[in-house]
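Scroll down for the structure; my scribbles are underneath it.
The values are calculated or read from the model by the stated rules, or taken from the named source; none is laboratory data. Worth saying up front: this structure is predicted, and the values here are computed from it rather than measured. Methodologically, a virtual Cβ is constructed for each residue, glycine included, from the backbone with ideal geometry; neighbour enumeration extends over all protein chains shown. Areas reflect the complete protein model, heavy atoms only, side chains present, ligands, DNA and RNA absent. Shrake-Rupley method; radii C 1.70, N 1.55, O 1.52, S 1.80 Å.
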Amino acid sequence: MYKIEKISKSYGELKVLDNISLEFPEEKTTCILGPSGCGKTSLLNILADLTAKDSGEIIGFEDEKSYIFQEDRLIPWKSVKENLELVLKGEMDKNKALETIDKYLELVNLEEYKHYYPKELSGGMRQRINILRAFIYPAKLIIMDEPFKSLDINQKKILMDFFINLREKDRKTCIMVTHDIDEAIALGHRIVIFTEKPTRVKRIMDIENYKDKAKLRGEISKEFKKWDDSHPIKYRYLRIF
Amino acid sequence: MKKSTLRDREISLSSKLLIIIFWIIISRIIDNDIILPTITSTVNGLGKIISNPNFFNIIGYSILRSLFGFIISLSIAIVMGVLSRFSKFIYNLMVPFVNFLSSTPTIAIIILALIWLNNEIVPLFVGFIMVFPILYETILKSMLNIDNKVLEMAKVYNVNRMNIIKEIYLPSIFIGLSNILSSAMGINLKMVIAGEVLSQPRYAIGTNLQLQKIYLNTSGVFAWIIIILAIGKLYEYLMKGLVLCIKSKRYLSPMEN
């Protein structure tokens with residue numbers, strides 16, 4: 001079980017995370033929903049050991065973990081294969097690494113792009129490689145920071161299917177941050193709703209308890225609405241963007 | 001694309017022809033070999049220089065000096081650049097040194113070098129003070145320009161430090177350097193020859209240039225200029241070839257290395 005207890009984080013005077021305790025069920029996807037700028041990415045960076053926490057405890061995150069970033073973060077002078085190979089160095093020997101890359105590229109029908117460089121690929125395609133990199137890396141845990149954010153609706157649908165397809169083959173524990181309710185419902189087994197800054201856990205919902213997706217969506221929207229009503233100006237601002 | 005390259009070549013060729021035509025006309029008008037030698041006397045001068053039994057010694061030593069000096073400058077620049085990137089202390093230590101080299105008039109440093117150093121070393125040193133700051137700053141800049149997000153990615157995926165340097169830092173340095181390498185080599189060659197003019201080593205293009213000047217043999221000076229231009233061009237092709245070779249090795253069959 002992956003667990004965090006009483007995590008707090010401040011940047012100077014600004015308190016971003018306030019006493020957050022959560023459990024992330026294994027082999028399931030937990031979606032963290034919250035308003036933009038509420039510190040979701042800060043939490044992920046703490047889990048990935050990219051940012052130091054002020055206080056609290058992180059349990060079960062010591063092992064290797066993958067990270068699907070908002071941007072592709074591919075190395076421009078390396079081909080798809082080399083980008084994937086880089087993260088496997090030190091994890092397995094070269095032949096095994098090449099075998100794994102070939103296996104995965106075949107699995108998702110991207111073999112023909114093996115020798116392409118990032119600049120030769122479309123944004124959606126690069127993001128697929130970003131997702132694939134996370135699955136190829138031998139980690140049980142995948143951390144995802146709004147991986148579908150910068151994509152248009154069609155691309156988003158294709159990439160979400162791509163992700164689900166991979167997740168079904170490799171039973172990995174995923175922690176995904178998003179601000180898109182539909183995305184959370186489509187991908188998550190558990191949905192965690194955050195409050196606005198300083199961020200606290202507002203509600204935890206297990207999807208299996210909700211047979212009716214429309215009802216679930218309504219309830220999540222209601223949680224958001226409560227927050228929206230108390231901040232009408234900010235809400236309007238957010239709606240525009 | 002191909003068409004425009006061809007056109008560029010045509011323009012470049014006609015500009016060269018134009019220079020030669022001007023040279024012919026002006027040298028005819030002036031009609032004085034000491035002020036402006038004609039093409040014929042320059043070719044004769046070239047023949048005389050090449051038939052000198054020491055010709056290959058002279059250009060060999062100058063080429064060796066410039067290559068050797070350049071490799072030293074490049075190696076020191078890479079080491080100091082990498083160290084400066086990772087150590088604030090070394091970075092700060094290098095700032096006044098690089099500023100001193102870039103802003104002090106080169107000739108002042110050369111005069112000091114003539115006093116302090118052996119005349120075989122002076123040309124190398126002169127090349128170094130010109131080229132080192134350019135190389136060092138390019139290397140440092142190309143490392144500082146690496147996207148922090150890519151480094152973060154490498155950290156999350158536990159890519160070890162050796163691989164980060166080999167796969168991320170070195171290629172960035174190489175990409176940065178590949179743009180300036182051939183011009184830096186050209187500058188280095190010119191500065192080494194300038195150093196030779198002043199320090200007069202036994203076998204050197206610079207020493208011979210100075211000799212032609214003393215004898216007021218302007219056609220000899222012209223002939224040496226042609227030889228220097230040819231060496232410069234040779235360096236340029238060499239560097240382009242090297243860059244292409246490394247690039248294709250990296251980009252086409254990177255798994256084999």
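All but one of (1) touching a residue at least 40 places away in the same chain (Cβ under 8 Å); (2) open to solvent by less than 40 Å² (accessible area, probe 1.4 Å); (3) not in a strand (DSSP E or B) hold for residue A:20; which doesn't?
(3) is the only condition that residue A:20 fails.
Counting only residues that are hydrophobic (A, V, I, L, M, F, W, C) and within 12 Å of the chain's Cα centre (by Cα), give me the helices (runs of 4 or more DSSP H) lying completely in region B:162-257 with at least 3 of them.
B:170-199, B:218-252
Considering only residues of region B:144-169 that are touching a Ser or Thr at 6+ places or on another chain (Cβ under 8 Å) and surrounded by fewer than 20 Cβ atoms within 10 Å (Cβ to Cβ), which is nearest to residue B:94 (Cα to Cα)? Steps first, please.
Going residue by residue through region B:144-169, those that are touching a Ser or Thr at 6+ places or on another chain (Cβ under 8 Å) are B:145-146, B:156-157.
If we keep only those that are surrounded by fewer than 20 Cβ atoms within 10 Å (Cβ to Cβ) too, we end up with B:145-146.
On the way: B:145: 19, B:146: 21 Å.
If we take residues in region B:144-169 being touching a Ser or Thr at 6+ places or on another chain (Cβ under 8 Å) and surrounded by fewer than 20 Cβ atoms within 10 Å (Cβ to Cβ), then B:145 is nearest to residue B:94 (Cα to Cα).
Pick out the one residue from A:45, A:83 that is crowded, with 22+ Cβ neighbours inside 10 Å and either closer than 19 Å to residue B:153 by Cβ or of a type in the set (A, V, I, L, M, F, W, C) (or both).
Within the list A:45, A:83, the selection yields A:83.
Could you list all residues from region A:20-40 that are modelled with pLDDT under 85 and touching a strand residue (DSSP E or B) at 6+ places or on another chain (Cβ under 7 Å)?
Passing the criteria: A:34, A:38, A:39, A:40.
Across region A:176-192, what is the total count of residues that are part of a loop (DSSP other than H, G, I, E, B) and surrounded by fewer than 19 Cβ atoms within 10 Å (Cβ to Cβ)?
2
List the number of the failed condition for residue A:59; all other conditions in (1) touching an Asp or Glu at 6+ places or on another chain (Cβ under 8 Å); (2) aliphatic (A, V, I, L, M); (3) outside the structural domain of residue A:198 (by TED's automatic domain parsing) hold.
(3)
So, residue A:81, is that one farther than 25 Å from residue A:187 by Cα and within 12 Å of chain B (Cβ to nearest Cβ) or not?
Yes: the conditions hold for residue A:81.
Output the residues belonging to region A:97-133 that are buried (at least 18 other Cβ atoms within 10 Å of the Cβ), touching a residue at least 40 places away in the same chain (Cβ under 8 Å) and not in a helix (DSSP H, G or I).
A:121
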